[in-house]
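A.B. asks: Here you go, one structure.
The values are calculated or read from the model by the stated rules, or taken from the named source; none is laboratory data. Quick caveat, the model's predicted, so the values are computed rather than measured. Note: ideal-geometry Cβ built from the backbone for every residue, glycine included; neighbour counts use all protein chains shown. When the accessible area is computed, the model is the full protein with side chains, heavy atoms only, and any ligands, DNA or RNA have been set aside. Shrake-Rupley method; radii C 1.70, N 1.55, O 1.52, S 1.80 Å.
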Amino acid sequence: MRDNNTDRTMIFLVDMPSSLSGKYDILITIKINPIGERIVFDLTKKYFFHSMRALNLMLTEWKMTLSPDDEIYMDLALEEARAAQAAGEVPVGAVLVRGKEILARDHNRPLALCDPCAHAEILTIRAAAHHLGNYRLSGATLYVTLEPCAMCCGAIIQARIARLVFGARDTKSGAVVSLYQLLGDGRLNHQVIVAEGVKREMCAEIMSGFFREKRLASLAFL
């Protein structure tokens, strides 16, 4: 346990299994009092850092590692996912935030745009870059209802996004923790702090419900 200042950080290293090859599993709580406001994070949540560089970044920039607004922004991402579902798209939503400013938000639209790259993350990153007039989005946090795929992880790295928060894992194409760990790959020139599981159940249910309805609709035609 490390406790430098009870008003700032308390970090609990729980498990560092060698089988994960440099993937550090950390159970963490942070108490922040930058402007007289005390925020206490739940000790039951796990945050994953896939390299010592990412862990050190968290320690040096602790104020942006965890946010009391994570659930608020994930609720906005869920709103976007519901909009995608209503349009017949795979229900994934994304919101990009820097500080307290929402830079952009969007949802999956490959069908509507006839664009295989029109994932929620890509559209949100593009809109934010246009809004700022800069393709680098340093210091920003991306909230996504579903674990990003390899394409979207590439865009996250190219945009130099600092932090990713996602809801549910994608065991079939997720490239953050499920199939690959691209955002923590030390061979690349940028690593991203990752937190998962925010609104996990709601994010997973909207996906499973969408595909359940698709299957039922297909059976109706048999």
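A.B. asks: In the range 172-222, which residue that is touching a Cys at 6+ places or on another chain (Cβ under 8 Å) and part of a helix (DSSP H, G or I) is least open to solvent (accessible area, probe 1.4 Å)?
C.D. replies: Once the filter is applied, the top-ranked residue is LEU183.
A.B. asks: Within the range 153-164, is there a residue that is in contact with a Pro (Cβ under 8 Å, 6 or more places away or on another chain) and modelled with pLDDT under 95?
C.D. replies: Yes: the range 153-164 contains one or more residues that are in contact with a Pro (Cβ under 8 Å, 6 or more places away or on another chain) and modelled with pLDDT under 95.
A.B. asks: Right, here's the next one. Looking at the range 145-162, I want the residues that are without any contact (Cβ under 8 Å) to a residue 40 or more places away in the chain and open to solvent by 10 Å² or more (accessible area, probe 1.4 Å) and have a partner that is acidic (Asp, Glu) and part of a helix (DSSP H, G or I) with Cβ atoms under 7 Å, at least 6 apart or on another chain. Which pairs are those?
C.D. replies: ALA155/GLU121
Table: residues versus (1) touching a residue at least 12 places away in the same chain (Cβ under 8 Å); (2) more than 20 Å from GLU147 (Cα to Cα); (3) open to solvent by 20 Å² or more (accessible area, probe 1.4 Å); (4) touching a strand residue (DSSP E or B) at 6+ places or on another chain (Cβ under 6 Å).
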position: ALA86; (1), (2), (3), (4): no, yes, yes, no
position: GLU89; (1), (2), (3), (4): yes, no, no, no
position: VAL92; (1), (2), (3), (4): yes, no, no, yes
position: VAL95; (1), (2), (3), (4): yes, no, no, yes
position: ASN108; (1), (2), (3), (4): yes, no, no, no
position: ALA118; (1), (2), (3), (4): no, no, no, no
position: THR124; (1), (2), (3), (4): yes, no, no, yes
position: HIS130; (1), (2), (3), (4): no, yes, yes, no
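A.B. asks: Residue by residue through the range 132-144, note down the ones that are free of Cβ contacts under 8 Å to residues at least 12 places away in the same chain and basic (Lys, Arg).
C.D. replies: Result: no residue meets the conditions.
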